[in-house]
Amino acid sequence: METVSFRRPVGQRKGRQVDPEARVRIDALFGDAPMRRDLLIEHLHRIQDAEGHLPAALLAALAERMRLSQAEVFEVASFYHHFDVVREGETAPPALTVRVCESLPCEMAGSRALIESLAARLGREVRVQPVPCVGRCADAPVAVVGQRPVAQASVERVEAAIADGDRRCPLPDPREGAIPGCGDYASYRANGGYRQLARVLVEPSRREAVLAELESSALRGLGGAGFPAARKWRAVAAHPGPRLLVLNADEGEPGTFKDRHYLERAPHRMLEGMLIAASVVGCDACYVYLRDEYAGVRALLEREIAALRADPPVSALPPIHLRRGAGAYICGEESALIESIEGKRGMPRLRPPYVAERGLFGRPTLVHNVETLHWVPEILERGAAWFASHGRRGRRGLRTFSVSGRVREPGVKLAPAGISLRELVDEHCGGMAPGHELYAWLPGGASGGLLPASLADEPLDFDTLQPHGAFIGSAAIVVLSQHDSAADAARNLMAFFRSESCGQCTPCRVGTAKALGQMGETRWDAPLLGELAGAMMDASICGLGQAAPNPMLSVLRWFPHEVQGR
């Protein structure tokens, strides 16, 4: 009888063994690059960019090189949508992927039919992949060929983009359609850019004046939470250093694209605002976390940050690190974003402690979105009274609205806080699209709820829509007409939340799936859905699960005729 030995050969490590050829390939890809844990996602991008996917053998070799367990590397690689992990025995995906947005504005513009037509026409040589919002809702429906976006996409336009062969995202030119006084580095400096940063650094007493100016301006966090900016700065500064600053440029809320607008047309206004905040709060380094869908913006920022470093306007600039997301909506939540920067899965943290006390790398961290920091230099230049003077119906300040859906002229619209939806559409969007009448609207993207046309005269601002079961959030306005269904819109949004739930907590992970199943019925079980919504809102760890029921509850409240059965 043959004796079976379970002893590993001497010197052989446990688990999957590293292929020598994979080790050579990893060495060639990375050379002398640093192998810190927080660079894991950057390194995964480098492999995927080179190979078109993530072969298991290369992941094992990367784990060895970074001195991480293979489980740590695989769990991160498999968490993010944009990483294609190919395990042993699996077939690699086609060399070209065409991604078609299936979020609400694109679905309203016919993306479902486009996905089916492209899959039938392109065959197996091209992968056609439905994806969540790509941040170009004004151009719906949108397809992305490689990294190249195709606006108002049709089968013919996508095929033409494939035939063209250029799959790169065009580099935005900030001088085209630039916000006055902005543009590229040379233009920004020539128009007085970075003057406010210099004042803060040269005059230490100016820092308290900056905080007072921000308080007087009523500037709030414009990524969705609406927390007063100056109060946040003071909270982070109150904790002992070293401190860090994180810029959240991971806008993934369906219907939101204002941050991309500002980054493409005024990158240095955001950068100056970020550096002013870092100086006032006392942050040692800045981290810019940019969503992976914005490949053109990434190239632009790389170029403009390099120009800033090459000819700095002041002598002591803190390091600026540009980090790349990997397709996870949950990373818009500040603690999940911090986990991602640290090279981990984007899982929200339990709080307390809050990130102002213990954030990135365990340090007190100031987290802001693009638009908030965009306004800082101009408020300091023109004065708090200038910013606060804009507003209607007793509200103060300016708001940037991303408007899509059934309007004649969708796009990014700068308007006074407190403007109504009806005024926004009539004064800034050219009215409703021909043949469409206002029926329903989303005031704050996927999570902000759904409201009827009868509430189109309510002021749009923080704290004004909560009595109606909605909120403005990131000011992503999606307009529906009589040709649309509020229930169908809510189903689309719940499917998005189900797909984007990180899975960490049961109320969100199970609740979104159960709710979507119930919402597929002709007649909705209102008591059951209300009970389910209560559990999700009370017990979910982060805002995704807490806000996911809002569109569903809005339909039950404002559009019950659509879900009472026939």
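Observations on the structure shown:
- Peptides 459-470, 405-416, 486-497, ordered by how many other C-beta atoms sit within 10 Å of their residues on average, highest first, read 486-497, 405-416, 459-470.
- Working note: Debye formula, equal point scatterers on the alpha-carbon atoms of the chain, no solvent; log10 I(q)/I(0) at q = 0.05, 0.06, 0.07, 0.11 Å⁻¹ is -0.22, -0.31, -0.42, -1.07.
- The magnitude of the dipole of the chain, with charges of +1 and -1 set on the Cβ of Lys/Arg and Asp/Glu and taken from the Cα centre, is near 1100 debye.
- Dividing the summed -39500 (n - 2.57) terms of all DSSP H runs of n ≥ 4 by the residue count of the chain sets its mean residue ellipticity at 222 nm at -12500 deg cm²/dmol.
- Between Gln17 and Arg157, full extension at 0.36 nm per residue minus the direct alpha carbon distance yields a gain of 45.8 nm.
- Taking the Cα centre of the range 1-155 as reference, the dipole from Cβ charges on Lys and Arg (+1) and Asp and Glu (-1) amounts to some 260 debye.
- Restricting the range 125-218 to GluC sites (Glu not before Pro) that sit in a DSSP loop and have at most 11 other Cβ atoms within 10 Å of their own Cβ leaves Glu176.
- Among the trypsin sites (Lys or Arg not before Pro) within the range 15-89, those in coil by DSSP and having at most 12 neighbouring Cβ atoms inside 10 Å are Arg36, Arg67, Arg87.
- The Kirkwood radius of the range 478-519, taken over pairs of alpha-carbon atoms, gives through the Stokes-Einstein law at 10 °C and 1.306 mPa s a diffusion coefficient of 144 µm² s⁻¹.
- Computed accessible area, Arg220, all protein chains, 1.4 angstrom probe, square angstrom: 60
- The chain, relative contact order [Cα under 8 Å, separation at least 6], %: 12
The values are calculated or read from the model by the stated rules, or taken from the named source; none is laboratory data. Keep in mind the model is a prediction, meaning the values are calculated, not measured. Because the Cβ atoms are built from the backbone with ideal geometry, glycine has one as well, and the counts that use them run over all protein chains shown. Calculation scope for accessible area: heavy atoms of the full protein, side chains included, ligands and nucleic acids excluded. Shrake-Rupley method; radii C 1.70, N 1.55, O 1.52, S 1.80 Å.
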